[in-house]
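Novice: Can you keep this structure in mind? I'll have questions shortly.
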Amino acid sequence: MELKPLCIGDLTAKIPLVQGGMGVGISLSNLAGNVALQGGVGIISTAQIGYQEKDFSTNPLKANLRAIGSELEKARKIAKGGVVGFNIMVATRNYGEYVKEVCRQGADIIISGAGLPVDLPKLTEGFQTKLAPIVSSVKATNIICKLWDKKYNTTPDMVVIEGAMAGGHLGFSLEDILSYKKETFDNEIKHIMEVVESYAQKYKKKIPVIVAGGITTKEDVSHYLSLGVQGVQVATRFVTTKECDASLEYKNAYINATKDDITLVKSPVGMPGRAINNQLLEKVKKGEKTPITKCYQCISKCNPLEIPYCITDALIKAVKGDVKNGLLFCGANAYKAKKIETVKEVFESLGFV
């Protein structure tokens, strides 16, 4: 397996591995900083990033925006010059404010999905932060590239293709997820690469393409690199590392999970997702609702009067260690985790060291 550095404009990561953003609080400064230290691209999730701030319950937006700066500063100290950026969901309420704050703080790159980031170039005008949309289809890639080209005379600096084996919120219908076939996804990757290459030629720049979703082994990495992509994005494998920002209970939930425990869920915000089955999800299946006492203004299309539970509450409970009543997002292969490792050991097992 021939490994080349991942070049994103004038940014260079010596290892072609991007660590996927995971919220709430799973990939903060410690995980992202240590991934960047090893030569990959470390990504901090902005999803309720300020949940540990004293004023989070009274002013979540203010707490989150403040935490962006502090988490990036801590990650930079760990990374020692490595590439560090943020994942910002398009579905986030006040999306534009998060994007602008990330740029003001000097992040290297923004990776953005959970919706189409069609106005991302406008929000980042005047900044050097690199832009990488997450796509799951040729259609989405065409829409983003055409709109960025027509409205803003620009094109992505990197493109992340996320498959149906990924964790958290997924950019597929439930039917598409259930009918997923590796061969079909490989074919989609090739067609997306053709679209990206056409815009790379137009703008006379190199646009690396990254593949994400279910990447667990050295063989997975080798397979996707053989298709011609420039790197991979890995998230789930980093949850069970010593450096991951989640609680030990959260990490052990992955280690203790079986294949049958990994389930597809409908998020309170209407998106399909993948998580570890637990007491919370069993209640949801029975039609039970968890009383919502406060809205944390997390997702733009969420209606507190209609949802079965608050996703912010559930994700915070999980990251703090309440694995029975929290929401444990995960990738399809989370059950393969058998022990707590270091970030370096994950790099090694994936063939990057």
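The values are calculated or read from the model by the stated rules, or taken from the named source; none is laboratory data. The structure presented is a predicted model; accordingly, all values stated were derived computationally and were not measured. No Cβ is skipped: glycine too gets one built from the backbone with ideal geometry, and neighbour counts run over all protein chains shown. Just so you know, the surface numbers come from the protein's heavy atoms only, side chains and all, with ligands and any DNA or RNA stripped out. Shrake-Rupley method; radii C 1.70, N 1.55, O 1.52, S 1.80 Å.
Novice: Let's see if you can work this out: charge +1 on each Lys and Arg Cβ, -1 on each Asp and Glu Cβ, no other charges. What is the dipole magnitude of the chain about its Cα centre, in debye to the nearest 20?
Specialist: Result for the chain is approximately 380 debye, rounded to the nearest 20.
Novice: In Å³ and rounded to a whole number, note down the convex hull volume per residue for the Cα atoms of the chain.
Specialist: 122 Å³
Novice: Give me the net charge for the shell around Glu306: Cβ to Cβ below 14 angstrom, other residues only, Lys and Arg +1, Asp and Glu -1.
Specialist: +3
Novice: With unit charges on the beta carbon (Lys/Arg positive, Asp/Glu negative), name the residue among Leu227, Leu174, Gly321 whose Cα is farthest towards the positive pole of the charge dipole of the chain.
Specialist: Value: Gly321.
Novice: Let me ask you something else. Restricting to the chain, what percent of DSSP beta bridges are antiparallel, rounded to 5?
Specialist: The antiparallel proportion sits near 30 percent.
Novice: Same structure again: Rounded to the nearest whole Å², what accessible area per residue is found for the chain with the 1.4 Å probe?
Specialist: Heavy-atom accessible area per residue stands at 44 Å².
Novice: I'd like the distance separating the alpha-carbon centroids of segment 54-70 and segment 150-189, in whole Å.
Specialist: First find each Cα centre; the distance between them is then 31 Å.
Novice: Straight-line reach only, C-alpha to C-alpha below 25 angstrom: list the lysines that Lys77 could link to, leaving out same-chain residues fewer than 8 apart.
Specialist: Filter leaves Lys14, Lys54, Lys62, Lys100, Lys130, Lys242, Lys251, Lys320, Lys344.
Novice: Could you tell me how many cubic angstrom of Cα convex hull volume segment 1-123 has per residue? If you can, show how the numbers build up before the last one.
Specialist: Details: hull volume 13.1 nm³, N = 123.
About 107 Å³ per residue, rounded to a whole number.
Novice: Something else now. With the crude spin-label approximation of a point 7 Å out along Cα→Cβ, what separation in nm comes out for Asn94 versus Gln297?
Specialist: For Asn94 paired with Gln297, the spin-label model returns 0.4 nm.
Novice: What's the percent breakdown of Cα-Cα distances in segment 245-353 across 10 Å bins, shortest bin first?
Specialist: 14, 42, 29, 12, 3
Novice: How far apart, in nm, are two points set 7 Å out from the Cα along the Cα-to-Cβ line at Thr263 and at Val353?
Specialist: 3.7 nm
Novice: Moving on. Would you mind telling me the share, in percent, of accessible area of the chain contributed by carbon and sulfur at probe 1.4 angstrom?
Specialist: After summing per-atom areas, the C and S share lands at 49 percent.
Novice: Now a separate question. Give the Rg/Rh ratio for segment 91-135, taking Rg as the radius of gyration of the Cα atoms and Rh as the Kirkwood radius, to two decimals. Intermediate results must be reported in sequence, preceding the final value.
Specialist: Working: Rg = 9.6 Å, Rh = 10.5 Å.
Using Cα coordinates only, the ratio equals 0.91.
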